[in-house]
1. Using label points projected 7 Å from each Cα along Cα→Cβ, tell me how many nm separate residue 105 and residue 87, to one decimal.
2. What residue among 152, 25, 73 has the largest mean-square fluctuation in a Gaussian network model of the chain, using Cα springs under 10 Å?
3. Once you keep just the Cα pairs under 8 angstrom separated by 6 or more residues, what percentage relative contact order results for the chain?
4. Return 21, 54, 144 ranked ascending by Cβ neighbour count within 10 Å, so the fewest neighbours appear first.
5. Can you put 164, 153, 143 in order of Cβ neighbours within 10 angstrom, beginning with the fewest?
6. With a 10 Å Cβ neighbour count serving as the proxy for reagent exposure, in which order, fewest first, do 88, 59 appear?
7. Pairing the Cα long axis of helix 2-13 with the longest principal axis of the chain, what angle in degrees results, from 0 to 90 and rounded to the nearest 10?
8. Under a point spin-label approximation (7 Å from Cα along Cα-to-Cβ), what is the residue 48-residue 66 distance to one decimal in nm?
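Readers should treat all values here as calculations from the given coordinates under stated rules, not as data from a laboratory. This is a predicted model, so every value here is computed, not measured. Using ideal geometry, Cβ is built from the backbone for each residue, glycine included, and neighbour counts are taken over all protein chains shown.
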């Protein structure tokens, strides 16, 4: 029994190789943190790309507000983002059931919470609960780009949302 105890005491007192063990433990932690940082960076780069594309499409729609190319809007946003996996939808006056149009537009009032209320005419003054006083009815285009985000290291939805969603609303009339 004594030789075993002596061997165990000698091993406990021996500090050779301790730096190598510490290095291995710290480097594993460093690489784990670095890879998690890559997840964050990838998410923010993809979200930024979608945001820039949606913003540019909104500016383009406003610049051509009398003849907006609603049919080409999806392809335009995907091309600007450089991402064909983006799902792009366009909604006018908050109604998904009707197609956006360049002629015969029906206007609505935009409330502070992002919802719309139908208006009698495009020049009608908006009044009511949740509306900016003195505002007038308009024709609003909302561009929404979404795509699922797949993390590389972190569990899905752990820190970042599992979906990238960017929205822009622009008044065309």
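1. Placing both labels 7 Å beyond Cα along the Cβ direction yields 2.7 nm.
2. Ranking 152, 25, 73 by mean-square fluctuation puts 25 first.
3. Working: 231 pairs, mean separation 38.9, N = 173.
For the chain, the relative contact order is 23 percent.
4. Ascending Cβ contact count within 10 Å gives the list 21, 144, 54.
5. 153, 164, 143
6. Details: 88 21, 59 12.
By the 10 Å Cβ count, ascending, the order reads 59, 88.
7. Around 50 degrees separate the two axes.
8. Reported label-point gap for residue 48 and residue 66 is 3.8 nm.
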